[in-house]
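Working notes for the structure below.
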Amino acid sequence: MTSINTGLNPYAQMGSAYARAAATQTSLATALNNAEAGNPQDNSATNLTLSQAARAQLAGGTSSKDFTTVTSEARAALDALYSAAKVTGPIAAEGKTTIDLSSLDRRSLFAVATNNGGKFSPDEQKAAATELGNRLDNVLAPPAATSKLTGDFSSLYKAALDYLDGASNEEKATATWSAQRAAVVKGVQATQQNPTAAPDIANDPVAAYLSRNADGSSPATQNISTVAKKVRAALDAQAKAATAAGKELVYDPGRQTGQQADLGSFDNRSLAAISLNQDGLFSNQESFAAKQLLGSRSRASILAALNQSQTSGDPSQLSLGILNAYSSMSSEERQAVNWTPGFRDNAIASYKSTRQILSMLRGG
């Protein structure tokens, strides 16, 4: 469980600002939807090069629900979590959380952290603020690790900007968001001029993250055996549902009969737990299917990096994207897809040599 900082909640003073935010859908979201649907009547999205993470965050930040509804649903979700965990609050006596807030989206967490409608206790506000802080840290951790490998901080600031731009309209209406975004924009500009140095800018969440993680530590991950047990229970639940429907749960997409197992809902570390099968909890079919899906996702990350290098005109983005993907993996995920330290070192060498060549071409 996560330990909660008992200091001031950074979101506590935002209560009046976000209430004035407009709740309209953005034209950018519409443009993206038209582009993906192949709508020829809207050419405005043809030059957009948003990352998948930015698209996902954009989709989450333009919900059609009004904030009052979001707040009520967040209140109900917390109460349901307490009931399931048989607790009465989010923080135990020793300061650790009693419930997992990962099921709440960013907008819901913001409603709790800012005590929208006066519906949430101080402990709930602190727990939500901590979870929001952890999510930003999780976004920054992979590119921060990559920056230590390459000496290039530019992708770290780009990741921070994508995260901030994925905020809801209510969050964007706050002075804190505006100050942080202004600082990150300056950081993006500074690292474009000199990518090898982290700039010193007031209100910079990236600098704050680097200061807190000067030793290069990564966010804590759940023990892989614990992950495996949870995945085993989830697969057993799928099998039980299939049996109740008179079907067999199957893992071969070529099978014409049976109910296909849903592995797509599992994160990469869960798939790695199935694939490696270190505790012998999974069948050969289950492990093979998980390995295939995990491999497909790793190839997709390489293709995304290749696409970024092509659309940006910067060939170094390929190796940089691979390094960011490598840094985002746990050791079990790397083992499952055979992303070895040697593979990482080759990507580092490729990145540095490409940057050197580009610098020579630019007369640097």
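One table, with the values for the structure above:
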item	result
Within the range 79-110, tally of residues that are within 25 Å of K172 (Cα to Cα) and not in a loop (DSSP other than H, G, I, E, B)	8
Scan of the range 235-263 for residues that are surrounded by 14 or more Cβ atoms within 10 Å (Cβ to Cβ) and within 16 Å of L293 (Cβ to Cβ), ordered by number	L235, Q238, L249, V250, Y251, Q260, A261, L263
Test result for R269, without any contact (Cβ under 8 Å) to a residue 60 or more places away in the chain and closer than 29 Å to R135 by Cβ	no
Selection status of A214, surrounded by 18 or more Cβ atoms within 10 Å (Cβ to Cβ) and closer than 28 Å to A159 by Cβ	no
Candidates L161, L156, L210 - the one that is touching a Pro at 6+ places or on another chain (Cβ under 7 Å) and in contact (Cβ under 8 Å) with a residue 24 or more places away in the chain	L156
Residue check for D262: touching a residue at least 24 places away in the same chain (Cβ under 8 Å), closer than 20 Å to S331 by Cβ and in a loop (DSSP other than H, G, I, E, B)	no
Those residues of the range 107-156 which are among the basic types (K, R), farther than 22 Å from S330 by Cα and surrounded by fewer than 20 Cβ atoms within 10 Å (Cβ to Cβ), in sequence order	K119
Flag for G321 being under 22 Å from N138 (Cα atoms) and either modelled with pLDDT under 95 or under 20 Å from the mean Cα position of the chain (by Cα) (or both)	yes
Hey, L281 closer than 28 Å to A144 by Cβ and at pLDDT 95 or above or not	no
Spans of helices (runs of 4 or more DSSP H) in the range 138-215 with at least 1 residues modelled with pLDDT of 95 or more and closer than 19 Å to N324 by Cα	154-165, 175-193, 205-212
The range 66-89, residues that are in contact with an Asp or Glu (Cβ under 6 Å, 6 or more places away or on another chain) and either in contact (Cβ under 8 Å) with a residue 40 or more places away in the chain or among the hydrophobic types (A, V, I, L, M, F, W, C) (or both)	F67
Filter result for the condition that a residue is more than 18 Å from the chain's Cα centre (by Cα) and among the hydrophobic types (A, V, I, L, M, F, W, C), over A183, A129, A141	A183
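The values are calculated or read from the model by the stated rules, or taken from the named source; none is laboratory data. All figures in this text were calculated on a predicted structure; none of them were measured in a lab. A quick note on method: Cβ atoms are made from the backbone with ideal geometry, for glycine too, and the neighbour counts reach across all protein chains shown.
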